[in-house]
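Everything on this sheet refers to the single structure shown next.
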Amino acid sequence: MRNVRLRVYLFGLLAVFALNACQDHRLGPSVPGSSPTRMRVSTLTQQGASGNPRIVNFTYDAQGRLSSLRSFESPDSTKNWVERTRFQYDAQNRLILSQYQRISPPGFILGSFADQHQFVYNTIGQVSEVRYSSAFNPQAPYLAVPLSSLNDPNTLQIIAYPRYNSANLLIGLRRVYYSMQRPTTLESNNTYSYTGTNITFVNDVVTSNQGGVAYSRSEQNGLTYDTKTNPFYGVYLIPKMFGEILYVFQSLNTLSPNNILTIGGISYRYEYNAVNLPTVRYTYSDKLVETLRFTYEAY
């Protein structure tokens, strides 16, 4: 993974191989004998080096599962694209479908776009396959792409196949790229090494064979962590603005219980609240490139 791409991966798109789509962060009871307070993320605010901030609002269903996300620019959401993501679960409380739409304002250079992730589970409840499809609307960029268009088999772009170890930790991900319902020669394979339960090394290999010309690229990156609580550990989360699903199906941030401090040429600095959840994350390359603010709600 290139360092430029790594920055946008870490809060996003990704397959998280968990049964629930909200992480339960329990805080100690304030009154002896009372139940612990549970906390979950309610908004993210992303501020780049320039421009207006973007807000992601989280909505949860009656069972406490993440049901939708909405992203927009503040203070005027009509000046830039709006994003929305919705999540569906099966009778066993497993995420089976995530659908995303980006709607652009009239005259905006980026057209409207939609994609989805479909999840298949094996007999022991692990995600065994993730199918990624996408579609866009260049003729009417200000109109939402109908989600029904993603049922067209020609919109299939990638199928990902995760691998696990005996401790049920994700140790690899193979991605096969498709065109017009047929697999291409382009593949990518990620392998993950752990220290305890944190991923501390990632190896990314991309291979293809176009017209008889073979190509291969390999990159490795180490990761370091703080000792505080990662609010997205074990959570499937796709705010589109924080990730690029064309390259990865899982956010490294969701796969480790602590918060990433360094990866490749990117470093992070955090501010925390009284219960060790991050309230601000600062992202640095050679300079500050992004500030991400978290707010939480009790439930």
Check your understanding: Considering amide H positions built from the backbone, and no H for Pro or chain starts, which residues 5 or more places from Y60, or on another chain, come under 5 Å of its amide H?
Key -> S67
Practice item. Once you have the Cα-Cα distance between R163 and V213, take 0.36 nm times their residue separation minus that, and quote the gain in nm to one decimal. Key: 15.1 nm
Check your understanding: Given a Förster radius of 41 Å and the C-beta distance between F108 and T195 as r, what FRET efficiency does 1/(1 + (r/R0)^6) yield to the nearest 0.05?
Key -> 0.40
Review point. Where Lys and Arg each count +1 and Asp and Glu each count -1, what net charge lies around P183 among other residues with Cβ under 15 Å from its Cβ?
Key: +2
Check your understanding: Once phi is turned into θ = phi - 60°, what whole-Hz ³J(HN,Hα) does the Karplus curve with 6.51, -1.76 and 1.60 give for every residue of the stretch 274-288, x standing for Gly and Pro?
Key -> 5, 10, 6, 8, x, 10, 9, 10, 9, 10, 10, 10, 8, 7, 5
Exercise for review: Give, as a single signed number, the net charge of other residues whose beta carbon lies under 10 Å from the beta carbon of L156, with Lys and Arg counted +1 and Asp and Glu -1.
Suggested key: +1
**Study point:** Potential lengthening between D90 and V176 on full extension [0.36 nm per residue; Cα-Cα distance subtracted]
**Key:** 28.4 nm
**Study point:** Relative packing of peptides 152-164, 43-55 - highest average C-beta neighbours within 10 Å first
**Key:** 152-164, 43-55
Check your understanding: Each label point is 7 Å from the Cα along the Cα-to-Cβ direction; what then is the distance between the points at Q220 and N203, in nm?
Key -> 0.7
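Read-outs throughout are calculated quantities, based only on the coordinates presented, and are distinct from any laboratory measurement. Here the structure is a predicted model, which is why all the values come from computation and not from measurement. Here Cβ is always computed from backbone atoms with ideal geometry, including for glycine, and neighbour counts include all displayed protein chains.
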